[in-house]
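Report on the structure given below.
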Amino acid sequence: MQAGLAAAALAMVALMAYTLWQATRPYRGWPSPVFVEIAPGTSSRSIAARLREAGVLRREWPFLLFYYLSPGRKLKAGEYLFARPMSAREVLNKIARGEVYYHSVTIPEGYNIFDVIQAVAAGKLVERAEIEQAVRNSALIADLDPAARTLEGYLFPDTYHFQRHTTAREIVAAMVSRFRKVYGELEARYQPRRPVREVVTMAALVEKETGVPGERPLVAGVFYNRQQAGLPLQCDPTVIYAALVAGRYRGTIYQRDLEYDSPYNTYRRRGLPPGPIANPGRASLEAAMAPTVTDYLYFVSDGRNGHRFSANLKDHARAVIRYRRRK
């Protein structure tokens, strides 16, 4: 009898050892990283079967055994990426912790809504038509900018992380929320007297005119000076935006574009354009709120990624000649 008990105990130990080996042995049954999506309400058995079919698990039972031995643990819905061999226990822990995969969408500073649409659509989280509709729904910023017809200017440039099945509205809402946070911080610091729409519109011009951080307050100062003097801003990016809105942009500016009568064309119309032409970053928003006090009225490229600033037309003409010679 004792021999029988000993044999049974030995068999039990062997079974436990085998189970532990099966549950902790890494496995990969796929040639490349695989995504597994778990819908809300999916049973543990269905999850295990889905994981085995995808090549994440060699067998279902070690995964289920550890799940049943962990009362109270919940398997969370979502999309999971498996990029390395994992044991059944590791797979269980990953799903129980809810380590879902997030898709990254990067919006660089100066992207306009056409660029944002392309960037989001390229991530294949939502259909292009859905994001096109979402960026043209200004309800999210009605309190900040009642005159807005789109979210242009308020989709803050940043890298965002979204789960699968995030809606287009949720995507743009995250960008607007980020704008509100950054703008609120700067507003508390500088207390601008100008309306939000005017500040954002100026910031967008600054963003598109220069990528040199130290120049942004100077460029803002020039535009404000020209505006006060009644001079047209003559900002080339507004000409491009006017052409984009009209669906006539061909990759470069032609004379006919400079002459095109659009409210966005600051060669034809004085003052700021009717709204933002891009989505500015923090530095450009700050420049629009706190421009450099200067007597400059003109600037032109210096041929070295920066600009040469002038207070009068004579000096500006000389700077233009230098630029053309260098170019």
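If only the Cβ of Lys and Arg carry +1 and only the Cβ of Asp and Glu carry -1, the dipole of the chain around its Cα centre is close to 660 debye. Relative to the longest principal axis of the Cα atoms of the chain, helix 88-97 runs at roughly 50 degrees.
Backbone amide hydrogens, once placed in the peptide plane, bring residue 153 within less than 5 Å of 278, 279, excluding anything fewer than 5 places away on its chain. Using the Karplus relation 6.51 cos²θ - 1.76 cosθ + 1.60 with θ = phi - 60°, the per-residue 3J(HN,Hα) values for the stretch 231-243 come to 8, x, 5, 6, 9, 3, x, 6, 5, 4, 5, 4, 5 Hz, with x marking Gly and Pro.
Taking 16 Å as the straight-line reach from the Cα of residue 74, the aspartates and glutamates in range (excluding those fewer than 8 positions away in the same chain) are 37, 90, 99.
Where does helix 113-122 land angle-wise versus the long Cα axis of the chain, in degrees 0 to 90, nearest 10? Compared with the principal axis, the helix lies near 20 degrees.
In order along the stretch 66-71, the phi-based Karplus estimate (6.51 cos²θ - 1.76 cosθ + 1.60, θ = phi - 60°) of 3J(HN,Hα) comes to 5, 5, 6, 7, 10, x Hz; Gly and Pro are listed as x.
Between 217, 274, 146, the residue with the greatest mean-square fluctuation in the GNM of the chain (Cα pairs under 10 Å linked by springs) is 146. Computed from Cα atoms, the angle from the helix 216-229 axis to the main principal axis of the chain rounds to 40 degrees. If one computes the Cα centroid of the stretch 29-108 and of the stretch 257-275, what distance in Å separates the two points? Computed from Cα coordinates, the inter-centre distance equals 55 Å. Its relative contact order, with pairs defined as Cα atoms under 8 Å and 6+ residues apart, puts the chain at 14 percent. Per-residue ellipticity at 222 nm from helix content only, as computed over the chain with -39500 (n - 2.57) for each DSSP H run of at least four residues, stands at -15000 deg cm²/dmol. For the stretch 216-288, the dipole from Cβ point charges (+1 on Lys and Arg, -1 on Asp and Glu) about the Cα centre works out to 20 debye, to the nearest 20. Values (1) -0.54, -0.96, -1.32; (2) -0.60, -1.05, -1.42; (3) -0.72, -0.96, -1.14 are given for comparison; log10 I(q)/I(0) by the Debye sum over Cα atoms at q = 0.10, 0.13, 0.15 Å⁻¹, derived from the coordinates here, is the one labelled (3).
Put a plus charge on the Cβ of each Lys and Arg, a minus charge on the Cβ of each Asp and Glu, and nothing anywhere else: the dipole of the stretch 23-97 about its Cα centre is then about 240 debye. Here's how it looks for residue 38: its modeled amide H is under 5 Å from those of 78, 79, 80, which are all 5 or more places away or on a different chain.
Between the stretch 194-227 and the stretch 237-251, the alpha-carbon centres lie 20 Å apart. Ranking 96, 49, 32 by Cα position along the charge dipole of the stretch 23-97, where only Lys, Arg, Asp and Glu carry charges on their C-beta atoms, puts 96 farthest toward the positive end. Under 5 Å from the amide H of residue 160 lie the amide H atoms of 105, 106, 107, each residue being 5 or more positions distant or on a separate chain, with H modelled from the backbone and absent for Pro and chain starts. Counting only residues at least eight positions apart within a chain, or on another chain, the lysines with an alpha carbon under 23 Å from that of residue 181 are 208.
In order along the stretch 33-49, phi translates into HN-Hα couplings of x, 10, 9, 10, 9, 10, 7, x, x, 5, 6, 4, 5, 5, 5, 4, 5 Hz, rounded to whole numbers, per the Karplus curve 6.51 cos²θ - 1.76 cosθ + 1.60 with θ = phi - 60° and x for Gly and Pro.
Under a Gaussian network description of the chain, with springs only between Cα atoms under 10 Å, the residue in 51, 205, 272 that fluctuates furthest is 51.
Each reported figure results from applying straightforward, stated rules to the coordinates on display, with no laboratory input. Source: prediction; values computed, not measured. Neighbour counts run over all protein chains shown; Cβ positions are idealised from the backbone, glycine included.
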